[in-house]
Structures are given as C-alpha cells and as structure tokens.
Amino acid sequence: MKAIPTTHAQALMASIEASLRASGQYLANCEAADSARVQEVRSAGRRVGRILGWSVRTIVSPPAPDSTVNVSVVVMKSTPLHEELMRIRDRKAMQRVINRFNTGLYS
C-alpha cells in the first residue's frame, strides 16, 4: 500500500497537532520579514485547534536582534480528558524532580 503524499501544509498541521497534544504548545522560529510563513503557522495552528475542538491562541513575539520572531500556538482550553492528561504529566514531571533532589542528584 502506497503512502499518501502530504503537502507542506498537512505536514505543518501534523507537527503542530503532535506538539499541542504532547505539551500544549507549539513554537516556530521564523524570519521577521517572512510574513507569509508567520501567517502560515498561525493559520495552521488555528485550524488544528478547530479540528481538535480546542481553544488555541497564536502569539507572535517582537522581532529579535537577529531579525527572527517566535510564533507560538498555545492551548487555552482543551477537552477534559486532555486537560487531565496534562495535569498527570505535570505531576509526574514534578515528582521526578523531587525524587532527584531526594536521591542527591542536585546536591
């Protein structure tokens, strides 16, 4: 069975979706002068949010000294199941840090 070829937009959306599902955010670094790329990332992020049924916000940072901007897509509100999963991941990450302190890795 042949793989279905994906367009650049589909690949970007898949990348954004994977990142939003895993961490609740997606970050792209773009050239400040490349307004088409910035708009493409923002549009894809909003589309992924609509597909998932999640409320997302896109944010563009001010230009950095190297003439780049960060384009962020952040989950503001998702499904209750996803929100619980993120809370569990946060608790596990915090527990790992606490355990490292207790075992002396940070002393």
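What follows is calculated from the coordinates using simple rules that are stated; it is not laboratory data. Keep in mind that this is a model prediction, so the values were computed, not measured. Cβ sites come from the backbone with ideal geometry, for glycine too, and all protein chains shown count toward neighbours.
Just to be sure I understand, how many residues within the stretch 41-81 are assigned to a helix (DSSP H, G or I) and not hydroxyl-bearing (Ser, Thr, Tyr)? Please lay out each step first, then the result.
Restricting attention to the stretch 41-81, the residues satisfying the condition of being assigned to a helix (DSSP H, G or I) are 41-52, 80-81.
Adding the requirement that they be not hydroxyl-bearing (Ser, Thr, Tyr) leaves 41-42, 44-52, 80-81.
Total meeting the criteria: 13.
Kindly establish whether Ala9 is outside any strand (DSSP E or B), surrounded by fewer than 13 Cβ atoms within 10 Å (Cβ to Cβ), within 17 Å of the chain's Cα centre (by Cα) and in contact (Cβ under 8 Å) with a residue 12 or more places away in the chain. Spell out the reasoning first.
On the way: outside any strand (DSSP E or B): yes; surrounded by fewer than 13 Cβ atoms within 10 Å (Cβ to Cβ): yes; within 17 Å of the chain's Cα centre (by Cα): yes; in contact (Cβ under 8 Å) with a residue 12 or more places away in the chain: yes.
Yes: the conditions hold for Ala9.
Candidates in the stretch 35-58 are the residues that are over 25 Å from Glu84 (Cβ atoms) and among the hydrophobic types (A, V, I, L, M, F, W, C); of these, the one that is surrounded by the fewest Cβ atoms within 10 Å (Cβ to Cβ) is Ala36.
Restricting attention to the stretch 39-79, which residues are touching a residue at least 40 places away in the same chain (Cβ under 8 Å) and on the phi > 0 side of the Ramachandran plot?
Here is the first cut: in the stretch 39-79, the residues touching a residue at least 40 places away in the same chain (Cβ under 8 Å) are 69-75, 78.
If the condition is that a residue be touching a residue at least 40 places away in the same chain (Cβ under 8 Å) and on the phi > 0 side of the Ramachandran plot, then no residue fits.
Please specify each residue of the stretch 20-40 satisfying the condition of being more than 11 Å from the chain's Cα centre (by Cα) and either part of a strand (DSSP E or B) or β-branched (Val, Ile, Thr) (or both). Outline the logic, then answer.
Residues of the stretch 20-40 that are more than 11 Å from the chain's Cα centre (by Cα), as a first pass: 29-40.
Correct list: Asn29, Cys30, Glu31, Val38.
A residue that is outside any loop (DSSP other than H, G, I, E, B), small (Gly, Ala, Ser) and over 15 Å from the mean Cα position of the chain (by Cα) can be found somewhere in the stretch 82-94.
Being over 25 Å from Lys92 (Cα atoms) and either surrounded by fewer than 18 Cβ atoms within 10 Å (Cβ to Cβ) or touching a residue at least 60 places away in the same chain (Cβ under 8 Å) (or both) holds for only one residue in Ala22, Ala32, Ala28, and it is Ala32.
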